[in-house]
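Here, each number is a calculation from the coordinates, and none is a lab measurement. All values reported here derive from a predicted model rather than from experimental measurement. Heads up, the Cβs are rebuilt from the backbone with ideal geometry, glycines too, and the neighbour counts pull from every protein chain shown.
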Amino acid sequence: MPYITVGQENLSDIKIHYEDHGKGSPVVLIHGFPFSGAAWEKQEAALLKANYRVITYDRRGFGQSSQPSIGYNYDTFADDLQKLITELDLKDVILVGHSMGTGEIARYLGTFGSKRISRAVFIAPIPPFLLKTEDNKTGVDGSVFEGIKSAIVADRPLYIAEFIKKFYNTDINLGTLLSKEKTYSDFNLGTSASAIATLACVSTWLTDFRRDLPKIDIPCLVIHGDADRILPIESTAALLAKAINARLVKIANGPHGIPWTHAELVNKELLEFISERPLEQANKTEDRSSELR
């Protein structure tokens, strides 16, 4: 299995597991919490069919990557991404992130710039700034995140099971847009993640990306489901699209896990966007009704 070494904890190397398939323009897919690069299977298949080179990787603490007790912050996550891109000598990269993975994109571009990056896609994003403060009235109250931490400490498997329900809006979509077997698979993947990482990552969701956003100088696309129960669209995607002058595509009735439940729509938007010329970009919002209903 391919790995790159991104650091050390005591005498042990910290290694990031990645998969690299296909030929063509490179697309790096950055997964959400608490899963791994395997979460992108429907996007990887579509991208490979469209003749792109597809790189997925597991964030430290998740999937098949090392599970250290250190480095759970977006500066380190962005540095891990930079080391992957540099090790593989990738150029004209298209970055695609889902949920927590959108934070890597924002911090990467804010720190390392766009020399190696041509485009970026933010799916169900965390940026600009999730926490409610005096200068961020639309954010989420801090007590919500303290409650999440308490739930993880008390019973992490139970928390993961409840999280998956909200991730997919299973009360509405189970049996139609996803199977119970998919939820079982995600539960197994989520509970296999490091307990330390699972808890530590909650604090990273409160990272303020507002200083990173003015440094983003490449075409961007933002996609978000309007029924997202994990990251409210008005606190995240709506503000992000405006801040970076990106097109915002709203997927009607889409939950947080739209890369799976609404894969056909997400893939269509993704492929259309990454094949466009820069002059064709427009700052507009589009509502897309699900073709799967």
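Report the full-extension gain for the segment Glu272 to Lys242: residue separation times 0.36 nm, less the Cα-Cα distance, to one decimal in nm.
Details: separation 30, 0.36 × 30 = 10.80 nm, distance 2.05 nm.
Extra length from Glu272 to Lys242 when fully extended: 8.7 nm.
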Next item on the list: Identify which of Thr102, Thr261, Thr138 has the largest mean-square fluctuation in a Gaussian network model of the chain, with springs joining Cα atoms closer than 10 Å.
Entry: Thr138
Note to self: I need the phi-derived Karplus couplings for region 189-200: 6.51 cos²θ - 1.76 cosθ + 1.60, θ = phi - 60°, integer Hz, Gly and Pro marked x.
What the structure shows: 5, x, 6, 7, 5, 4, 4, 4, 5, 4, 6, 5
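Do any of Lys83/Lys115; Lys42/Lys268; Lys49/Lys180; Lys83/Lys242; Lys91/Lys115 go past 19 Å between their Cα atoms, and which? Show your work: numbers first, answer last.
On the way: Lys83/Lys115 14 Å; Lys42/Lys268 12 Å; Lys49/Lys180 28 Å; Lys83/Lys242 30 Å; Lys91/Lys115 8 Å.
Too far apart for the 19 Å limit: Lys49/Lys180; Lys83/Lys242.
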Next item on the list: Give the residue from His21, Ile70, Ser194 lying farthest towards the positive end of the charge dipole for the chain; charges sit on Cβ (+1 for Lys and Arg, -1 for Asp and Glu) and the dipole is referred to the Cα centre.
Entry: His21
Notebook entry, point to check: Which distance in nm do the two modelled labels at Asp217 and Ile148 give, with both placed 7 Å along the Cα-to-Cβ direction?
Noted result: 3.3 nm
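Can you compute the FRET efficiency between Leu48 and Lys91 using 1/(1 + (r/R0)^6), with r the Cβ-Cβ distance and R0 = 22 Å? Round to the nearest 0.05.
On the way: r = 19 Å, r/R0 = 0.88.
It comes to 0.70.
Just how large is the dipole of the chain about the Cα centre, in debye to the nearest 20, putting +1 at every Lys and Arg Cβ and -1 at every Asp and Glu Cβ?
Values: 33 positive and 37 negative charges, 67 e Å.
The calculated dipole for the chain is roughly 320 debye.
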Notebook entry, point to check: Which one of Leu174, Leu206, Leu221 has the biggest mean-square fluctuation once the chain is modelled by GNM with Cα springs under 10 Å?
Noted result: Leu174
Note to self: Could you compute the net charge surrounding Leu29? Neighbours are other residues with a C-beta less than 12 Å from the C-beta of Leu29; K and R count +1, D and E count -1.
What the structure shows: -3
Note to self: Shape verdict for region 31-187, please, from the Cα gyration tensor: rounded (a/c under 1.5), prolate (a/b greater than b/c) or oblate.
What the structure shows: oblate
Notebook entry, point to check: Rounded if a/c is under 1.5, else prolate if a/b is larger than b/c, else oblate: which is region 119-255, with a ≥ b ≥ c the root eigenvalues of its Cα gyration tensor?
Noted result: oblate
Note to self: Using Cα springs under 10 Å in a Gaussian network model of the chain, which residue among Lys15, Lys250, Lys91 shows the largest mean-square fluctuation?
What the structure shows: Lys91
Next item on the list: Sort out for me the Cα centre separation of region 219-246 from region 126-198, rounded to whole Å.
Entry: 18 Å
Next item on the list: Return, ordered by residue number, the residues of region 90-120 whose backbone nitrogen is under 16 Å from a label point located 7 Å along Cα→Cβ of Asn73.
Entry: 104, 107-108, 111
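For the chain, what class follows from the C-alpha gyration tensor (a ≥ b ≥ c being the square roots of its eigenvalues): rounded when a/c is under 1.5, otherwise prolate if a/b is larger than b/c, else oblate? Intermediate values should be presented prior to the final figure.
On the way: a/c = 1.20, a/b = 1.04, b/c = 1.15.
Since a/c stays below 1.5, the shape of the chain is classed as rounded.
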